[in-house]
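Enquirer: Let me give you the structure first, and then I'll get to my questions.
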Amino acid sequence: MTANKKIVILVTALLCAWKANAQWTSDPTLNTPVCTTATTQQMFPQASGDGNGGVYITWLEGNADLSSTMIYAQHLSASGTKLWAAGGVEVSGGSG
């Protein structure tokens with residue numbers, strides 16, 4: 001293998017391994033909002049990794065006395081991008 005070929009392979013490998021900046025941040029004023037619905041209250045969030053660097057997040061949404069609540073979920077990619085509907089998807093609804 002010629003020296004030029006080795007340089008091209010090395011440069012290509014380095015470019016392919018370039019680290020991308022993720023959307024995640026540790027600054028609490030800049031965190032990725034999961035749900036911004038203002039008409040209801042979001043309570044009891046839970047998170048679980050998706051095995052690919054992302055996360056599934058579930059929460060209870062409704063009124064504070066829990067008489068009318070729904071369970072919602074959101075899937076965020078490893079880069080922090082919402083993969084489901086902007087306000088999450090309803091998993092289960094009901095009252096009581």
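Enquirer: Considering only residues that are polar (S, T, N, Q), open to solvent by 30 Å² or more (accessible area, probe 1.4 Å) and in a loop (DSSP other than H, G, I, E, B), which ones fall in region 66-87? I'd like the intermediate steps shown before the answer.
Expert: Step one: filter region 66-87 for residues polar (S, T, N, Q), giving 67-69, 74, 77, 79, 81.
Now restrict to residues that are open to solvent by 30 Å² or more (accessible area, probe 1.4 Å): 67-68, 79, 81.
Those that are polar (S, T, N, Q), open to solvent by 30 Å² or more (accessible area, probe 1.4 Å) and in a loop (DSSP other than H, G, I, E, B): S67, S79, T81.
Enquirer: Out of the residues in region 54-65 meeting the condition of being assigned to a strand (DSSP E or B), within 15 Å of A38 (Cα to Cα) and of a type outside the set (F, W, Y), tell me which one is modelled with the lowest pLDDT. Spell out how you get there, then give the answer.
Expert: Within region 54-65, the subset assigned to a strand (DSSP E or B) is 55-62.
Now restrict to residues that are within 15 Å of A38 (Cα to Cα): 59-62.
With of a type outside the set (F, W, Y) added as a condition, the list becomes 60-62.
On the way: L60: 89, E61: 88, G62: 85.
Of everything passing the filter in region 54-65, G62 is modelled with the lowest pLDDT.
Enquirer: Within region 22-31, is there a residue that is surrounded by 12 or more Cβ atoms within 10 Å (Cβ to Cβ) and at pLDDT 75 or above?
Expert: So far as region 22-31 goes, no, none of its residues is surrounded by 12 or more Cβ atoms within 10 Å (Cβ to Cβ) and at pLDDT 75 or above.
Enquirer: Does region 45-52 contain at least one residue that is modelled with pLDDT under 65, farther than 30 Å from S68 by Cα and either open to solvent by less than 100 Å² (accessible area, probe 1.4 Å) or of a type in the set (S, T, N, Q) (or both)?
Expert: Of the residues in region 45-52, the ones modelled with pLDDT under 65 are none.
No, that holds for no residue.
The values are calculated or read from the model by the stated rules, or taken from the named source; none is laboratory data. Predicted model only: the values in this text are computed from it and were never measured. For neighbour counting, all protein chains shown are included, and Cβ atoms are generated from backbone atoms with ideal geometry for every residue, glycine included. We work out accessible area using only protein heavy atoms, side chains counted, and drop any ligands, DNA or RNA first. Shrake-Rupley method; radii C 1.70, N 1.55, O 1.52, S 1.80 Å.
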